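One structure below.
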Amino acid sequence: MNPAGRRVASAAATAVVLTTAGGLLTALATPASAAVSCASPVYKRQFFANTTFSGTPKTDCDSTISENWGTGRPTSALPVDNFSVRWSVARDFGSGGPFALTASAQDGIRVYLDGSRKIDLWKNVSSTVSRTVNLTVPSGKHTLRVDYVNWTRSANVKFAYTPRTSATVDKVRPLAPAGTSVSYDRATGKAGLTWSKNKEMDLAGYRVYRRPKSSTGWTRLATTTATSYTDTTLPVTGAAYYYEIRAYDKAGNESAGTADQAVTTVDRTPPPVPAGPSVTREPEALRVRWSAAEGAASYRVYRATSADGTYTRVGTTAQVSYLDASATEGITYHYRVTALDSAGNESARSVAVSGTFWDLTPPSAVTGVTVTPTEYGFEVHWDANPTADLARYVVRPGELQGDEEGQWCSLYPGYDLGADTTSYAYTTLPDGEERCFIVDAVDDAGNSSFEWTGEARVVTATELDMTPSVSTPEGSPVELTATSKEAGVELSWHPVTDATGYQVYRWNPDTKAYEKLAATTGTSYEDTGAAKGTTHFYRVTARYADGGESAPGADWVAMAP
């Protein structure tokens, strides 16, 4: 080689070339004796006026290794030939993983990882040589060193280390983000999260997760490349939530979560509106009632003298009713109720209900009550009640209790009927039992004649006995249900194992026998010929392939006229 053929650049010109092409961060005018510190991942670069890396080098910082000095030299302090350059950097590789080390040079280049040689192209060559090495870098902090030497003629050098991000190659999870913290703004109800930047070279971003304290399931809220996130979707219910941040890389690997960051939200969520408000009259007062609202600690009762008037609070209570003792007789009041939770949040107001504090007189007792046994139960009749504000009648059947020395009527809940009605067809199984009845009158203020006086005319009657004379055996596989319909009687049953069909029977009181109505392969049958005003008794048997029938399942239905 002929070193005399290489052009020597001036010191000033060399400095300009280095700044532009070499990413020079510190001026070459820095004295050799001055300490140079380069912040990772910037390389510390040392220039030696020999090929043995000996003596006191000139030092600066370099962000990348990519130089082409041609037949020149990096600096006037170096010879044209037989000089060397060393780059070194210590950096944190995070979780590590698969990397590619790529080097090219004319003349020689060697690459070391933690002092172990990974690339060795150490020869005086007449053209650029290159090599790429794939390796796995362990997690944590490691040192890279690149030694370059130029013996004669052209000088160029390039080196890079890059993560391999293919999902088939990179199976290493990133490290969990560090330095996580959370703050909560009670005024806005927002949570702000921050964390430190991850050390991964192949980092793609971060994922933010949240879960209620009461749950173990995480919900992803967001994906971001920033190191902060503001959660604007927190429910303001007073509940506690946890956050965690996970890093993910370009291969799709996701880190473990950070330590849980807890937030307890401010409670601005009111309880539900109290449902079902009603007003009833009590002696000297009106009582407002409602259903309990979930999470309510107390209730407020508001009152107005018109439905769309101005409502004023008249009371607060922890109960589900309120006695308005300030109501004036003869005035109709309208009430609305709200629920309050322990944080003081108040619900919207309930629908309005009204009541008037007057009319303490119950209707007169119902007269002319007669009870006639029928084939479907009883026909109950009574005289029209003369009460002007009559709202309805209540027919209440019952059973006689006691013995010959004393009997009383144990009443069932009643059947409400309109004020313009004076009869009721009461259906029940006519099997010869003795029954008792009363008919009560209720006015539009809710006054009940029977409840106010405790007295009513009790009428007793004995049912007809329509029971079939043929008893039904037990142990049938058929569970029969008979239901009265507008067009007749609907029979239904569950399928019976191994049955090929079913036989339907109806009791004929004239022939005193169950007579066949139909055969079917289904599990239902509609008897459209069933007459109203009587009680019908049915049987259904399962039929089998050998021609046999099962024991019958039975049911009855009483049909009013």
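Give me the residue from region 440-474 that is of a type in the set (S, T, N, Q), in contact with a Pro (Cβ under 9 Å, 6 or more places away or on another chain) and in a strand (DSSP E or B) and, out of that set, modelled with the lowest pLDDT.
Only one residue tops the list, namely SER448.
Being surrounded by fewer than 17 Cβ atoms within 10 Å (Cβ to Cβ) and of a type in the set (Lys, Arg) is the filter; apply it to region 163-189 and report the residue that is nearest to SER40 (Cα to Cα).
LYS171
Out of the residues in region 500-524 that are of a type in the set (Ser, Thr, Tyr) and assigned to a loop (DSSP other than H, G, I, E, B), state the one that is nearest to the chain's Cα centre (by Cα).
THR523
Just checking: which of the strands (runs of 3 or more DSSP E) contained wholly in region 85-192 hold 3 or more residues that are in contact (Cβ under 8 Å) with a residue 40 or more places away in the chain?
Answer list for region 85-192: 97-106, 108-113, 141-150, 155-163, 181-185.
For PRO271, state whether it is within 30 Å of VAL351 (Cα to Cα) and not assigned by TED's automatic domain parsing to the domain that holds PHE93.
Here the answer is yes, as PRO271 does meet what is asked.
Select, from ARG313, ARG287, the only residue that is of a type in the set (D, E, K, R) and surrounded by 15 or more Cβ atoms within 10 Å (Cβ to Cβ).
Sole residue among the options that is of a type in the set (D, E, K, R) and surrounded by 15 or more Cβ atoms within 10 Å (Cβ to Cβ): ARG287.
Could you please find all residues in region 528-561 being over 25 Å from GLU463 (Cα atoms) and part of a strand (DSSP E or B)?
Passing the criteria: VAL540, THR541, ALA542, ARG543, GLU549.
Which residues, taken from region 475-489, are surrounded by 19 or more Cβ atoms within 10 Å (Cβ to Cβ) and assigned to a loop (DSSP other than H, G, I, E, B)?
SER476, VAL478, LEU480 - these are the residues of region 475-489 that are surrounded by 19 or more Cβ atoms within 10 Å (Cβ to Cβ) and assigned to a loop (DSSP other than H, G, I, E, B).
For region 330-343, how many residues are within 36 Å of the chain's Cα centre (by Cα), part of a loop (DSSP other than H, G, I, E, B) and small (Gly, Ala, Ser)?
Count: 2.
Out of (1) assigned by TED's automatic domain parsing to the domain that holds GLN319; (2) among the small types (Gly, Ala, Ser); (3) exposed (fewer than 14 other Cβ atoms within 10 Å of the Cβ), what's the single condition that is false for GLY252?
(1)
Taking the conditions exactly as written (within 26 Å of THR534 (Cβ to Cβ), in the same structural domain as ASN447 (by TED's automatic domain parsing) and not polar (S, T, N, Q)), does GLY402 satisfy them or not?
no
May I ask you to list the residues in region 452-478 that are in contact with a Gly (Cβ under 6 Å, 6 or more places away or on another chain) and within 17 Å of THR534 (Cβ to Cβ)?
Listed by number, the residues that qualify are GLU463, ASP465.
The values are calculated or read from the model by the stated rules, or taken from the named source; none is laboratory data. Computed from a predicted model, the values in this text were never measured in an experiment. No Cβ is skipped: glycine too gets one built from the backbone with ideal geometry, and neighbour counts run over all protein chains shown.
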